[in-house]
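Colleague: There's a structure below that I have some questions on.
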Amino acid sequence: MQNPNQDIVGRNVFETTELKPVPKVSKKTKSKFILFKNPKVKKIVVTVLLSVFGFIALISIFLLIFAYIPGKKVYADLMVLKTKQDQVKSVLDSKNLDSMESLIKEFEVDISNLDTDYQKLKTIGALPVIKNYYQDGKILLQAGSQSLQTGQILLNAVKPYQDFLGLKAEATSSADTTEDRIAFLTESVEGLLPHLDEIEQKLSSIKDLVSQIDSSRYPQNFQNFEIRQTIIKAQNSLDEVHTLLKDGRPILENVSWLLGKDSPRKYFLLFQNDAELRPSGGFWTAYGILKVDNGKVTPLISDDIYSLDNKFKSTIPAPRPIRDYHINVPYWYLRDMNISPDFPTNAKTFLENYKKISSETFDAIIAIDTSVLVDLVDVLGRIGVPGYGNFSSEPDKRCYGCPQIIYELEYIAGKPRSYIVDDRKGFLAPLMHSILSNAMGAPKEKITPLAQAFFKNIHNKHIIFYFLDEKLQQAGNLANITASIQKTDANTDYLHLNDSNMASAKTNLFLEQTIKHQIISKDGQVSHQVTVTYTNPYKASNCNLEKGDLCLNAPKYRDWFRFYTPVGSTLTKMTGSEIQPLEYQELEKQVFEGFYGDKYPLYAQSSNKVSIQYTSSVPASKDYQILLQKQAGTKPVNYQLVVNGVDMEPFSWVSDKLLKLPL
């Protein structure tokens, strides 16, 4: 049968078309395509995208309203405060009480405006993480406001004494001389005490506020600004000021007694030559007796310390350190009785032996060094001392630029001569008489710099006290004016470096010191590496006594050194000592002792290094702190602290320093 699709000759009736294969669509692509075509899915996607964009828009509006706009105002307020930095310095330099009060009122308005604008950031400040920083800002604003209140209280407190202090305002007394002003202060100082109560309470509140800021939350540096160290420095400074006022109050309460308001006081004056450094601040080279009556200071006598030793005629065997490190000193003389770094210990020992040759009694012992004389003469200008010449603080090329008064005093006391000079160290009484006479008659503009020089030298341990009255001595210890080795609690680390020149002329006049102190906390323990560099940059003096030159800078320096640390601390290593380290406990401290100078002295125009590594008994903690207690009579020391590998801001170590270093 014929196929219906073919004609009679057998050809196909219909033409055929070649069909190309349809590309295969993967299930995944097909699925997405179908889902997107699905109206319900498309609606969901569009809705989600619109929600995201809407949320972003809301965040932008939120940040604009609650962060950017108020933030700009806060920034503007801060810039207003910043522009007044120069004004603050200018007003303080002017010493104008009225200008100071006006400036405080200006700042009160500025702080109030800043606080108002800052409150507008509270919404953004409530967010997680941000809230901590926002709270820190609130703390700083509170502290700033309370600081201004404290400033106003302080100005009110000093108003009665503005004439005495040399402040520019209406005179409050008819006192024309320093002596008159001191008498006025002696009569009325009790009026300061109620104000001090209020100031101390305010400072305590400010200190507690700022201590709430956790410095570890902040980076070390941001935009070339050291944030964390700035916070730590501010906290340490507040602690220091508060401690000074709180602990100094008991002594301030007794100022009238000390100035002889009710009855004259008698003080034994010891002159410590810090150019020949000894443990308590200097070699005891001369002494004197002062009378203080209603603020007026009168030098009575002075003499060479050797004259006392001639009367004492010691047969006391020299203690171990003198036997070990001094040269040919078999007995313990009065002049060498300051071998302890603790001045009260030395004063008690001295008085016990002084009583063997004198029945005279005193209210206190006061020790001063050359820094006091230099600073007073620097304020007063050149002074004349009958029989001894003129003295000034001008640089003297004969001692590589040391103050002229220092060179002349060393010349008077130590110049080898071919003839006998009686009482060659009896210069102290006439010198003090000339200085005090000039100070007491000084014009008003000299009062403030004289007071500043006096308090600076107390703070930096160039003037130190020992009171025979037990309660006064306790007050002095608390005020840190007695150069006593301080007791610390179990949570406070401690370091005291004590050096002693063992028969090396007056080399400490030229020596310079730097300290690099590395603190590392690991596994709850705190390890220390303290490296002390001693440098003598100048040529040695000709110390040939036969030639008769003045021997100031010894060719070789011999140093007995001790590191005082908390009891329980363990020594790992000591370098720079030519003897094996000695380890013992003294004054409730762990001591690591060494010496150099016989085998390996410090030569003129060279340097020596001493280093110790030890582990402290005080554990690492968030509240870790360390007291760096400075030796009395020493020059400023360049101090570099490195905490867990981070260099802290270097400082000049001029006085005791309590540092909070969260570990």
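Only the coordinates and a few stated rules stand behind these numbers; no lab work does. Source: prediction; values computed, not measured. Backbone-built Cβ (ideal geometry, glycine too); neighbour counts: all protein chains shown.
Colleague: In which sequence would 225, 651, 427 go, from the one with the fewest C-beta neighbours within 10 Å to the one with the most?
Modeller: Fewest-to-most ranking of 225, 651, 427: 225, 651, 427.
Colleague: Structure shown: which of 291/355; 311/397; 246/589 lie over 31 Å apart, alpha-carbon to alpha-carbon?
Modeller: From the list (291/355; 311/397; 246/589), the Cα-Cα distance tops 31 Å for 311/397.
Colleague: Show me the trypsin sites (Lys or Arg not before Pro) within region 550-645 that DSSP assigns to loop and that have at most 13 other Cβ atoms within 10 Å of their Cβ.
Modeller: Listed in order of number, the matching sites are 599, 622.
Colleague: Still on this structure, I have one more. How much length would be gained if the chain were fully extended between residue 642 and residue 660, taking 0.36 nm per residue of separation minus their Cα-Cα distance, in nm to one decimal?
Modeller: 5.1 nm
Colleague: Turning to a different aspect of this structure: How big is the charge dipole of region 265-478 about its Cα centre, in debye rounded to the nearest 20, if each Lys and Arg gets +1 on its Cβ and each Asp and Glu gets -1 on its Cβ?
Modeller: 180
Colleague: Which of the aspartates and glutamates could a cross-linker span from residue 73 if the Cα-Cα distance has to be under 15 Å and same-chain partners fewer than 8 positions apart are dropped?
Modeller: 110, 115, 117
Colleague: Starting from the exponent 0.38 and prefactor 2.2 Å, build the expected Rg for region 492-660 from its residue count and divide its actual Cα Rg by it.
Modeller: 1.11
Colleague: Please give the contour-minus-distance gain from residue 296 to residue 598: 0.36 nm per residue of separation, less the Cα-Cα distance, rounded to one decimal in nm.
Modeller: Net length gain for the segment: 103.9 nm.
Colleague: In a shell of Cβ-Cβ distance under 13 Å around residue 619, excluding residue 619 itself, what net charge do Lys and Arg (+1) and Asp and Glu (-1) give?
Modeller: So the environment of residue 619 carries a net charge of -2.
Colleague: Here is a further query. Need one number: nm distance between label points at residue 135 and residue 544, each 7 Å from Cα along Cα→Cβ, rounded to one decimal.
Modeller: 7.5
Colleague: Then there's this: Is the shape of region 265-478 rounded, prolate or oblate, going by the alpha carbon gyration tensor and its root eigenvalues a ≥ b ≥ c, with a/c under 1.5 for rounded and a/b larger than b/c for prolate?
Modeller: Since a/c reaches 1.5 but b/c is at least a/b, the shape of region 265-478 is classed as oblate.
Colleague: Counting residues in region 540-599 as N, plug N into 2.2 N^0.38 Å and put the Cα Rg over that result.
Modeller: The value comes to 1.60.
Colleague: Where q = 0.15, 0.23, 0.27 Å⁻¹, what log10 of I(q)/I(0) comes from the Debye formula for region 604-652, counting one point per Cα?
Modeller: -0.65, -1.34, -1.40
Colleague: For region 516-575, compute Rh as the Kirkwood radius over C-alpha pairs and then the Stokes-Einstein diffusion coefficient at 20 °C and 1.002 mPa s; write the answer in µm²/s, rounded to an integer.
Modeller: 138
Colleague: Also, quick follow-up: Using unit Cβ charges (K, R positive; D, E negative) and no other charged atoms, how large, in debye to the nearest 20, is the dipole of region 459-587 about its Cα centre?
Modeller: 320
Colleague: Now a separate question. As a quick test, which of the pairs 84/444; 266/348; 95/296; 159/461 have an alpha carbon distance above 21 angstrom in this structure?
Modeller: Pairs exceeding the cut-off: 84/444; 95/296; 159/461.
Colleague: Sort 449-461, 285-297 for me by packing, meaning the mean count of neighbouring Cβ atoms within 10 Å per residue, highest on top.
Modeller: Result, highest mean first: 285-297, 449-461.
Colleague: What whole-number distance in Å separates the alpha-carbon centres of region 201-215 and region 608-663?
Modeller: Here the two parts' Cα centres lie 23 Å apart.
Colleague: How many angstrom separate the Cα center of region 565-590 from the Cα center of region 456-493?
Modeller: Measuring centre to centre over Cα atoms gives 24 Å.
Colleague: A follow-up question, please. Anything over 22 Å Cα to Cα? Flag those among 609/635; 82/660; 207/635, in the order listed.
Modeller: 82/660; 207/635
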